[in-house]
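S.K.: Below you will find the structure I want to go over with you.
The values are calculated or read from the model by the stated rules, or taken from the named source; none is laboratory data. Only a predicted model underlies this, so the values are computations on that prediction, with no experimental measurement involved. Heads up, the Cβs are rebuilt from the backbone with ideal geometry, glycines too, and the neighbour counts pull from every protein chain shown.
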Amino acid sequence: MLEIKNITYSFGQHKILDKLNLSFDIGKVVGVVGSNGVGKTTLFRIMCQIYSLQSGSITLFGKKLIPTDIVFMPTEPFFYPFMKGSEYIKIVVNTKNELEKANLYGKILDLPLNDLVDNYSTGMRKKLAFSALFALNKPAIILDEPYNGVDLDSNEIIKHLIRTQTGDRTVILSSHILSTITDICHSVYHLTENHEVSYYSQDHFRELEEYLSNATKSKLKQLDTSIGEPKSEFQQ
């Protein structure tokens, strides 16, 4: 099990995470959702030691989590200039088996692996990063907004790969599109601006959907009350 215990993190006087506790089972896909600014990406960067841990602990199988145990695909993956897709894959993977998987994923996702990444669209870059990183044989993998900018067909393929190829890894997934989370996750954590955390199993995803829907309806009602009925400037 991957466990996060009592993590608190601040940027200056601004507290992003406050005594956060989460646990992720091996072999499961777990979603982490919440509004912009609640600390999802900050948490992921702490887990990968891009940001230094300020307080609390992160353990895998009871031992301190180390960077080589975890894979992180950021929202905007980095690529060196003048590099072909196939070259990126070869740099990222470590074994022949990983290379074969990454190339297969890239082919399924219709990537021109012999072309320069500089000529890729945003969605193609996201698919390339996913192909290479998801092929890695690591105990845990974090996918931060893997669907952003990706075409509909490829989104379905990515969801299928996560659903069927997770194996005995822990996959942690974030997305602002709730259906892409509930379609494939075994459970979901919802983080709020007030540092509250709610846990939802598959049997209770409907409760999360209703909670978020009601929150949106409340904001829309306030908006409609504030701006009133539209007035046409074209009536004679």
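S.K.: Can you find even one residue in segment 145-160 that is in a loop (DSSP other than H, G, I, E, B), without any contact (Cβ under 8 Å) to a residue 24 or more places away in the chain and within 29 Å of Ser23 (Cβ to Cβ)?
M.R.: Here is the first cut: in segment 145-160, the ones in a loop (DSSP other than H, G, I, E, B) are 145-151.
Keeping just the survivors that are without any contact (Cβ under 8 Å) to a residue 24 or more places away in the chain gives none.
No - not one qualifying residue is present in segment 145-160.
S.K.: List every residue pair whose Cβ atoms lie under 6 Å apart, where the two residues are 6 or more positions apart in sequence or sit on different chains, the first residue falls within segment 44-56 and is surrounded by fewer than 18 Cβ atoms within 10 Å (Cβ to Cβ), and the second residue, located anywhere, is basic (Lys, Arg) and not in a loop (DSSP other than H, G, I, E, B).
M.R.: Correct list of pairs: Tyr51/Arg45; Gly56/Lys5.
S.K.: If you check Leu128 against the conditions, is it part of a helix (DSSP H, G or I), of a type outside the set (Gly, Ala, Ser) and surrounded by 14 or more Cβ atoms within 10 Å (Cβ to Cβ)? Before you say what the answer is, go through the steps one by one.
M.R.: On the way: part of a helix (DSSP H, G or I): yes; of a type outside the set (Gly, Ala, Ser): yes; surrounded by 14 or more Cβ atoms within 10 Å (Cβ to Cβ): yes.
For Leu128, the condition - part of a helix (DSSP H, G or I), of a type outside the set (Gly, Ala, Ser) and surrounded by 14 or more Cβ atoms within 10 Å (Cβ to Cβ) - is met.
S.K.: Hey, can you tell me all the residues within segment 146-186 that are within 17 Å of Glu207 (Cα to Cα), surrounded by 18 or more Cβ atoms within 10 Å (Cβ to Cβ) and in contact with a Phe, Trp or Tyr (Cβ under 9 Å, 6 or more places away or on another chain)?
M.R.: Answer for segment 146-186, where residues must be within 17 Å of Glu207 (Cα to Cα), surrounded by 18 or more Cβ atoms within 10 Å (Cβ to Cβ) and in contact with a Phe, Trp or Tyr (Cβ under 9 Å, 6 or more places away or on another chain): Thr180, Ile181, Thr182, Cys185.
S.K.: Additional query: So Leu113 passes all but one of these: (1) surrounded by 16 or more Cβ atoms within 10 Å (Cβ to Cβ); (2) touching a Phe, Trp or Tyr at 6+ places or on another chain (Cβ under 9 Å); (3) in a loop (DSSP other than H, G, I, E, B); (4) at pLDDT below 95. Which condition number does it fail?
M.R.: (4)
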